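What follows is a single structure, written as structure tokens, with notes after it.
The values are calculated or read from the model by the stated rules, or taken from the named source; none is laboratory data. The structure displayed is predicted, hence computed values, not measured ones. Don't worry about glycine lacking a Cβ; one is built from the backbone with ideal geometry, like all the others, and counts go over all protein chains shown.
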Amino acid sequence: MPTKKLSIMDFDFRDPEERALFREQQDALLTERKTKIVAELKRNGQLDSAGNLIFKEPLPADMEADSLADFKH
């Protein structure tokens, strides 16, 4: 029997089983979305194979590591 697809509008939040099913479905959707976004960023050359951001332009002066424009000073 196929699992019922739940939305925020039609699941009974008082039922622990439906709450758990809703959470599982939402987690699966988020994982799928994240996978697509990461793949697109890698395809566009914005992430390397380890998932690190690739900067193609220099950072602004206030974002450099030795900048005084932070909350430590």
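Observations on the model:
- Of all the listed residues (Leu41, Leu6), the sole one being in a helix (DSSP H, G or I) and surrounded by 10 or more Cβ atoms within 10 Å (Cβ to Cβ) is Leu41.
- Residues of the stretch 44-73 satisfying the condition of being surrounded by 10 or more Cβ atoms within 10 Å (Cβ to Cβ), part of a loop (DSSP other than H, G, I, E, B) and at pLDDT 85 or above: Gln46, Asp48, Ile54
- Checking Phe11 against (1) out of contact with any Lys or Arg (no Cβ under 8 Å at 6 or more places or on another chain); (2) surrounded by 10 or more Cβ atoms within 10 Å (Cβ to Cβ); (3) assigned to a loop (DSSP other than H, G, I, E, B), the condition it does not meet: (1)
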